[in-house]
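The values are calculated or read from the model by the stated rules, or taken from the named source; none is laboratory data. As the structure is a prediction and not an experimental result, all values here were calculated from the model. Positions of Cβ are generated from backbone atoms using ideal geometry, with glycine treated the same way; all protein chains shown enter the neighbour counts. Surface accessibility is based on the protein's heavy atoms, side chains included, excluding ligands, DNA and RNA. Shrake-Rupley method; radii C 1.70, N 1.55, O 1.52, S 1.80 Å.
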Amino acid sequence: MEWRRLGSTGLRISRLGLGCGNFGGIGSAPAFFGMGENEAQAFELMDRAFDAGINFFDTANAYGGGRSETYIGRWLQTKGSAVRDRLLISSKVFNPVGQGPNDRGLSRRHILQQIDASLARLQTDRLDMYLIHEPDPDTPLEETLQALDDATRMGKVLYVGASNIEAWRLTRGLWISDKAGWRRFEWVQNSFSLLDRAAEREMFPLCVDQHIGFTAFSPLAGGWLTGKYRAGQRYPEGSRMTLRPEPYRHLERDRVYHGLSAFGAAARARGVPATALAIAWVLHQPCIDAAIIGPRTALQLAEAVTSMTISLSDDEARTIAAPFEGQ
């Protein structure tokens, strides 16, 4: 495993982070609570990820209705302080965790309440990394940032980031923090893959200019870059396209399928899984500190870890991306 500094912080993270969004559910959607990996399966994935050198686990307060954090907390208790001291826990706040009007969002009340709830489920005294899961237009950004700053001063949170955020809003947040002397967003966690390169337009230049880190989620574009989706064929049962297809409907086009065919051929020519090549391409981008992987099985985890053995030149990276240009 390789490690890299997170933005301009002194924190060193593994180039792969274990995404725990399927522990006890599938993301934050109540309709899928109780699905995904059960506790035993989650334990096996965490064991294998830790043994592979992955030093940060990425979760959220709403994943599986709290089950994801609970599984991680129970796993940590079986491992003891030596493992906890080597591991970085990253969690998030924003999505609904109840039926009340204040059970969601980025208000001061909700953030501070949910930090304590996450710490209790995780059975730990700190969140090494903490993100807003997405922006909250109903709460002043100043209120959110001050609450996060207070949480760091209390020692409950060590590093603060933002997920699913736009470049303009991140810029405004950095300005507010700098002006007030508050802890600023130290990294961004947005979607990025061969099939989603929006971050290149504004976010990457901003991150370089402001020395902000970037961790990429969905480096496999919801499974589209694994080779399991093919033109004219039914989607595999239990796949993202049979459970939560809406974010990926725009990919159901001939040009994308042709690109996937070329990409699969490139992976076979190298003798590596398509999964590994897709992640290696993401990690080749200079702005990317780490990629968040969400394996469902030990085999999928092993394929993702194989990406660490793939080295690409700039020309090779451009060639791999060429079939997807303008898709």
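Could you identify the single residue in SER177, SER118 that is among the polar types (S, T, N, Q) and touching a residue at least 40 places away in the same chain (Cβ under 8 Å)?
Just one listed residue meets the conditions, SER118.
Yes/no per residue for (1) basic (Lys, Arg); (2) in contact (Cβ under 8 Å) with a residue 24 or more places away in the chain; (3) open to solvent by 50 Å² or more (accessible area, probe 1.4 Å):
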{"residue": "TYR229", "(1), (2), (3)": "no, yes, no"}
{"residue": "ARG234", "(1), (2), (3)": "yes, no, yes"}
{"residue": "GLY271", "(1), (2), (3)": "no, no, yes"}
{"residue": "LEU301", "(1), (2), (3)": "no, yes, no"}
{"residue": "VAL305", "(1), (2), (3)": "no, yes, no"}
{"residue": "ASP315", "(1), (2), (3)": "no, no, yes"}
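Going through the range 195-242 one residue at a time, which ones are aromatic (Phe, Trp, Tyr) and part of a loop (DSSP other than H, G, I, E, B)?
Matches in the range 195-242: TRP224, TYR229, TYR235.
Between a residue in the range 132-150 that is within 15 Å of LYS179 (Cα to Cα) and any residue that is of a type outside the set (A, V, I, L, M, F, W, C), which pairs come within a Cβ distance under 6 Å, given they are 6 or more apart or on different chains?
Hits for this filter: LEU141/GLY173; GLU143/ARG108; LEU145/SER177; ASP149/ARG183.
What tally of residues in the range 287-299 results from selecting those that are touching a Phe, Trp or Tyr at 6+ places or on another chain (Cβ under 7 Å) and open to solvent by 30 Å² or more (accessible area, probe 1.4 Å)?
0
Tell me whether the range 131-142 contains one or more residues that are assigned to a helix (DSSP H, G or I), more than 30 Å from ALA280 (Cα to Cα) and open to solvent by 50 Å² or more (accessible area, probe 1.4 Å).
Yes - at least one qualifying residue is present in the range 131-142.
Since PRO323 meets every condition but one in (1) in a helix (DSSP H, G or I); (2) open to solvent by less than 60 Å² (accessible area, probe 1.4 Å); (3) at pLDDT 95 or above, which condition does it not meet?
The number of the failed condition is (3).
Quick check on my filter: what residues within the range 159-185 are touching a Leu at 6+ places or on another chain (Cβ under 7 Å), under 25 Å from SER218 (Cα atoms) and not β-branched (Val, Ile, Thr)?
Within the range 159-185, TYR159, GLY161, ALA162, SER163, ALA167, LEU170, GLY173, ARG184, PHE185 qualify.
I'd like to check something: does the range 69-89 contain any residue that is farther than 19 Å from ALA117 by Cβ and touching a residue at least 60 places away in the same chain (Cβ under 8 Å)?
Checked against the condition, which is being farther than 19 Å from ALA117 by Cβ and touching a residue at least 60 places away in the same chain (Cβ under 8 Å), the range 69-89 yields at least one hit.
Could you list, in sequence order, all residues of the range 112-130 that are within 20 Å of the chain's Cα centre (by Cα) and open to solvent by less than 30 Å² (accessible area, probe 1.4 Å)?
GLN114, ILE115, SER118, LEU119, LEU122, LEU127, ASP128, MET129, TYR130
Which of (1) touching a residue at least 12 places away in the same chain (Cβ under 8 Å); (2) under 19 Å from the mean Cα position of the chain (by Cα) is the odd one out, the single condition PRO245 does not satisfy?
Of the numbered conditions (1) touching a residue at least 12 places away in the same chain (Cβ under 8 Å); (2) under 19 Å from the mean Cα position of the chain (by Cα), the odd one out for PRO245 is (1).
Yes or no: the range 148-164 includes at least one residue that is part of a strand (DSSP E or B) and either modelled with pLDDT under 95 or surrounded by fewer than 19 Cβ atoms within 10 Å (Cβ to Cβ) (or both).
Yes; the residues of the range 148-164 include at least one that is part of a strand (DSSP E or B) and either modelled with pLDDT under 95 or surrounded by fewer than 19 Cβ atoms within 10 Å (Cβ to Cβ) (or both).
Would you mention how many residues in the range 202-222 are without any contact (Cβ under 8 Å) to a residue 12 or more places away in the chain and on the phi > 0 side of the Ramachandran plot?
The qualifying residues number 0.
The conditions are (1) of a type outside the set (D, E, K, R); (2) open to solvent by less than 10 Å² (accessible area, probe 1.4 Å); (3) touching a Phe, Trp or Tyr at 6+ places or on another chain (Cβ under 6 Å), and THR242 fails exactly one of them. Which is it?
Just one mismatch for THR242, condition (2).
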